[in-house]
């Protein structure tokens, strides 16, 4: 049975190394962009509550997108996300929140993508919309722990991107617990491996 223990040991070490790498990559992405401006902001989708209203993550991401637009740091905002388990499409709800916060004068500059179900689909679907307005660089808005994976995906689909952490300075973020660190580290590593196998 020594060979079984040896295999288990090798797998355990490999998983430890993968998670350590993933957690390091997640920790290094602070969500504080070095660019003062970008052509557009992409607000990534998040869950809608049981009552059909935006959940906490979608609310703070929409507000962060609104702040970027109001401050003149971007000339357009693209909200993303299709219909999940509850209510309407995440992208539609986020767009409505931004317009409600900033006023109807900003409505032509806020666009929604409303068919995607995953982060990858968010970015693939919105890429065409971003390019249609002539945007060459973007801020990707999400929760900090999600940004390392989201930015890798954004760059893989051809977007020149930097991240903006929607939960910066929020001690009550629902996306900051130990489980989320482990989950994001594992998902980032799994994505990295999947991309490598595709090549």
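Each reported figure results from applying straightforward, stated rules to the coordinates on display, with no laboratory input. Since the model is a prediction, treat every value here as computed from it, not as a measurement. Note: ideal-geometry Cβ built from the backbone for every residue, glycine included; neighbour counts use all protein chains shown.
Laid out as a table, the results:
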{"quantity": "Efficiency of FRET between residue 39 and residue 183 - r from beta-carbon atoms, R0 41 angstrom, step 0.05", "calculated": "0.85"}
{"quantity": "Which of 93, 42 has the fewest Cβ neighbours within 10 Å, and the rest in rising order", "calculated": "93, 42"}
{"quantity": "For segment 136-159 versus segment 62-129, the gap between their alpha-carbon centres in whole angstrom", "calculated": "15"}
{"quantity": "Segment 31-171: relative contact order as a whole-number percent, Cα under 8 Å and 6+ apart", "calculated": "29"}
{"quantity": "Descending semi-axes in whole angstrom, ellipsoid equivalent of segment 68-199, from the Cα gyration tensor", "calculated": "24, 19, 15"}
{"quantity": "Protection-proxy order for peptides 138-144, 53-59, 79-85, each taking the mean of Cβ atoms within 10 Å per residue, highest first", "calculated": "138-144, 79-85, 53-59"}
